[in-house]
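The structure under discussion appears below in the form of structure tokens.
The values are calculated or read from the model by the stated rules, or taken from the named source; none is laboratory data. Please read all numbers here as calculations on a predicted model, not as lab measurements. All Cβ positions, even for glycine, are placed from backbone atoms using ideal geometry, and neighbour counts span all protein chains on display. Just the protein is used for accessible areas: all its heavy atoms, side chains included, with ligands, DNA and RNA removed. Shrake-Rupley method; radii C 1.70, N 1.55, O 1.52, S 1.80 Å.
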Amino acid sequence: MQIVLKWLLSAVALLAVAYVYNGVQVNSFVSALIAAAVIGLLNAVVRPVLVVLTLPVTVVTLGLFLFVINALMFWSASGLLNGFHVAGFWAALLGSLIYSALGLVIDAALSKTAS
């Protein structure tokens with residue numbers, strides 16, 4: 001049940017990103033649900049591989065390259081879907097930062113309700 005709730009709240013967070021920042025567009029709540037699922041899958045499957053492959057660059061940049069990886073995951077999700085659009089890399093970077101911040105709030109709220 002907690003996973004479904006996090007998925008729904010992540011979709012709402014994606015709609016909030018689209019509302020706050022015009023570089024990200026989401027057509028509907030269903031598109032947001034699908035986009036949240038695709039972003040979650042990309043972060044679970046592709047992101048760890050990219051983190052390992054780019055470890056030297058991440059160390060040299062003191063971890064700042066992880067922001068680039070997050071933006072690439074966000075941007076690639078928009079490339080895979082029709083109802084979710086990101087205007088470019090810089091829009092993906094800012095959109096992923098906002099989405100990650102909202103994700104931290106969601107995780108904190110869900111961990112408080114679980115305990």
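Couple of notes before you dig in:
- Cut-off 12 Å between beta-carbons: net charge of the residues surrounding Ala13, Lys and Arg +1, Asp and Glu -1: 0
- Relative contact order of the chain, pairs being alpha-carbon contacts under 8 Å that are 6 or more residues apart, as %: 34 percent
- Once the chain from Phe29 to Val49 is taken as fully extended at 0.36 nm per residue, the excess over their C-alpha distance is 4.2 nm.
- Note on the chain: with neighbouring protein chains present and a 1.4 Å probe, carbon and sulfur make up 76 percent of its accessible heavy-atom surface.
- Heavy-atom accessible surface of the chain, averaged per residue, reaches 60 Å², computed with a 1.4 Å probe.
- Helical segments meeting 30 Å axial Cα length and Kyte-Doolittle -1.0 threshold in the chain (DSSP H): 29-53, 89-114
- Length released on extending from Ser76 to Ala109, taking residue separation times 0.36 nm less the Cα-Cα span: 9.1 nm
- Gyration tensor verdict on the range 42-107 (Cα atoms; rounded if a/c is under 1.5, prolate if a/b is larger than b/c, oblate otherwise): prolate
- Note on Met1 and Ala101: the extension gain reaches 33.7 nm, defined as 0.36 nm multiplied by sequence separation minus the Cα-Cα distance.
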